[in-house]
Every structure is written in structure tokens, then in C-alpha cells.
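Notes follow once the structure below has been shown.
What follows draws every value from the coordinates through simple rules; no lab data is involved. Computed from a predicted model, the values in this text were never measured in an experiment. Note that each Cβ is placed from the backbone with ideal geometry, even for glycine, and that neighbours are counted across all protein chains shown.
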Amino acid sequence: MLTNRHVVVAIVVAPVLSLAGWWSVGEYIGEKAQPARPGDSYPLLEKSNCRYASGACNLENGDFSLTLVYTEGVVGNALLVRSSHPLDGLVASVAPADDPAQPASMGAVDEAGLHWRLALARLPDTRDRIRLVAGASGSVYFGDAGTTFIYPDTVDGP
């Protein structure tokens, strides 16, 4: 069967044609990415580094991303947020999943609005959730993340 040149050509050409068809359908018929429109709200996707003790948590939607980091220092516990785009404002809450805690405004650390800080009264528990809403260029981005990424020594927490 493999000595027949028609079969050999079909075996080589079929995968190439299938890939070309897949690409062309995505290019010409598939949904195109749109820039964020002022006044609309967009969800942020919790990336995989939020689910293990990585030290940081990324929330993304297209080219917009927020990086969450927990710090302990002389001035106390804090949640730091680094943004890929300048933010107009940022509010966040750290509370158990079933507790509708009132969000607190985060303070900008720099003039550009790329780094934000929220002072925390305590070390978040592994069952806590971080809920935040960010405003950028008239659009609103909202996200929800676990706190497992905070614990570098163990996934189960303190």
C-alpha cells in the first residue's frame, strides 16, 4: 500500500490541507479581538499560578493584566497589585468566599497608576477570596482569585 504513490501523496497532503483549512476558517470567519469600549465591563481570568504557591497571581483579559502579590513588612501586611495599563481606580476585598465583604479602595503607589497597595489587617486564610474591580480608560475590569498563591511553603496554608 505504501508503494502506491497516490497513497503516499495523500498521506503527506492531507495534514497540510487540514491545517490550512483550520487556519483559514479561524482567520476569515472566526471572532476578532476587539479593543475595550468605555462604559463596558470585562471579566478577568484567574491564571494557573493563582492555584498553587507561586508567590504571585495573574488576572488577565486579552492584553489587560493585573499581578497580585502579598507582602509582609515593617508597615504591615499588604496586597500589592501591578497593572499592565494605567488604572483610574482599584477597589478590592479579601474575605471568605461566602462573606460579601465591603471592598476598600486601594491606594496608588506611583504617579502612573500602575502599582497599587491595600493594607490588610491579617494574613489571608487559604479559603479567602480576593475580589477586585479596576477602572481603566473608562472600562471596568472585575476579577476573583484565591489566596493559595500567598503561601510559599505549602499549598495548604499556615
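In the list [x] 10.5; [y] 15.3; [z] 9.4, the label attached to mean projected area of the Cα convex hull in nm² as derived from the coordinates here is [y].
Just need the relative contact order of region 41-150 here, percent rounded to a whole number, with Cα pairs under 8 Å and 6+ apart. Result for region 41-150 is 31 percent.
Listing Cys57, Cys50 from fewest to most neighbouring C-beta atoms within 10 Å gives Cys50, Cys57. The phi-based Karplus calculation (6.51 cos²θ - 1.76 cosθ + 1.60; θ = phi - 60°) puts the 3J(HN,Hα) values of region 13-30 at 7, 4, x, 5, 5, 5, 5, 5, x, 4, 5, 5, 5, x, 6, 9, 10, x Hz, whole numbers, x for Gly and Pro. Per residue of the chain, the DSSP helices (runs of n ≥ 4 H) give a summed -39500 (n - 2.57) that works out to -5500 deg cm²/dmol at 222 nm.
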